[in-house]
Amino acid sequence: MLNNQAGEEKRASLHGHWSSKMTFILAVTGSAVGLGNIWKFPYVAGQNGGGAFVLVYLICVVVIGMPVMMSEILIGRRGRRNPVAAMELLSKEEGSSRHWRWVGVIGVFAGILILSYYSVIAGWTLGYAVKSASGVFVGASAEAVSAEYQNFVSDWRITGFCHTLFMALTIFFVARGVERGLEQAVRFMVPALLILMLALLGYSINSGYFAQGLSFMFSVPESCMALAPECPLTWDSVLAALGQAFFTLSIGMGCIMAYGAYLPDETSITSTSSAVVIADTGIAILAGLTIFPLVFANGLDPADGPGLVFQTLPLAFGQMAGGIFFSTIFFILLSFAAWTSAIALIEPAVAWVVERFSKTRAQASLLIGILIWFIGFGSVLSFNALANMEFLAGTIFDNVNYLTDKIMLPLAGLLIILFAGWVMSRNSTADELGSTGRLYNFWRLLARFIAPIGILFVLANAIT
Ligand code: PFF
């Protein structure tokens, strides 16, 4: 155990430590890089009009996402417990209300809800790996690929089976402990995924529509730059960008806090967070740059929604030499990326049940996993039998998305950063961040004022 600067003894983790700083970075990267980058970012950017949305998203990542991530890691590491217990313990230590633990509770439930639909889409990617291997996409037209997608999602038995398979894999590995297998999986998966994405990008560049894709993603209407009322970006889209920043970085739900609980004392929180933010944002941008040229080259609609990736990338693979092989590998890798995220999504709930109800990890994983699997059927059916059952934000899938991305994550993120900025003493946070210099002061400025005011402003404007 290390001594901190103040000379007091630090708490030991209840669940053991990551073996090295690299393992932690890999685990957090594994949680951050997933369907959020490759499936969600392009379709949400497409639905919200492209350029202006992407700009707001990038601002949210840097100004709000980064300081929230640092706050989560430092709270997790200082508390050395599951997010609910860590918030409770630290608020007691700082002489504040124990109601702060509700932030951890929101996170536990956000994780459960997010994983319920995440697993469904991860199931689609498993299904697409099998489809790719069968060769259905070879030389297929845009219409044929779209029809294949429609057929696939409209059969709830197949998508339900894929969802079940994915949840079973997740439960199995979570039951065995947080670290085993995860490190190797991420070490191999992220670079391999990156290489395949670059190959696909090469294809997109040659599609003849790269400039159009680029301009869709990065050109911001002048009215928006001038903050004029004519700017087509709505407050709801700004909230979507904020929600996407939270979602893609895995923050605002305590998962990074739960991982931080296993982080050795000497690891720099700032450099770890920067590495993760850069890798995660880079992969999302790469996915967008690959997908949008394909959308325009094939006369598809960028605002098409959750099926966008599944209707564009198979087209590119279908034209490529060795397409069957690369497409199969790509969807397997994407399932892997989803799996390392799923493990993170379920971790706060599992750690909480283990500590709070004295269950074994295996029992807790099974219990929570079955609950998530069951809720997930709401999303499975949102694309077929219950597609017409719309209320509030749309289908069950749309509502779970709305509730988590646009309400729970920003709200919990706001509370987390307020806790780190206002409730925790300067000594505690400076001790965890290992500095009192300019960088620390900048984090504190963001944590106390800029990020919370930004989140509140967006929430207030989007809701009214
Ligand atoms: N960040 C993951 C992705 O982009 O796919 C999703 C996610 C994982 C969100 C873990 C939240 C989380 F705790």
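Structure values in brief
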{"quantity": "Ranked Tyr440, Tyr262, criterion: other C-beta atoms within 10 Å, fewest first", "calculated": "Tyr440, Tyr262"}
{"quantity": "For Val380, Val423, order by how many other beta-carbon atoms lie within 10 Å, fewest first", "calculated": "Val423, Val380"}
{"quantity": "Relative packing of 127-139, 147-159, 24-36, which averages over residues the other C-beta atoms within 10 Å, highest first", "calculated": "24-36, 127-139, 147-159"}
{"quantity": "Positive-end residue of Met424, Ile455, Leu371, charge dipole of the chain with Cβ unit charges", "calculated": "Met424"}
{"quantity": "Helical mean residue ellipticity (222 nm; -39500 (n - 2.57) per DSSP H run of 4+; nearest 500) of the chain", "calculated": "-22500 deg cm²/dmol"}
{"quantity": "Between 0 and 90°, nearest 10: helix 142-154 axis offset from the chain longest Cα axis", "calculated": "60 degrees"}
{"quantity": "Partnerless Cys - the chain, beta-carbon criterion under 4.7 Å", "calculated": "Cys60, Cys162, Cys255"}
{"quantity": "Residue order, fewest to most beta carbons within 10 Å, for Ile417, Ile59, Ile75", "calculated": "Ile59, Ile417, Ile75"}
{"quantity": "Per-q log10 I(q)/I(0), the chain, q = 0.06, 0.07, 0.08, 0.11 Å⁻¹ (Debye; single scatterer per alpha-carbon; no solvent)", "calculated": "-0.24, -0.33, -0.44, -0.84"}
{"quantity": "About the Cα centre, charge dipole magnitude for the chain (Lys/Arg +1, Asp/Glu -1 at Cβ), debye", "calculated": "1160 debye"}
{"quantity": "Given charges at Cβ of Lys, Arg, Asp, Glu: the chain dipole, positive-most of Leu90, Ile112, Met257", "calculated": "Leu90"}
{"quantity": "Mean separation of Cα contacts under 8 Å, 6 or more apart, over the residue count of the chain: relative contact order %", "calculated": "35 percent"}
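Every number in this text was worked out from the coordinates using simple rules, so none of it is lab data. Just so we're clear, the structure is a prediction, and the values are computed from it rather than from any experiment. Cβ coordinates were reconstructed from backbone atoms using ideal geometry, including for glycine residues, and neighbour counts include every protein chain displayed.
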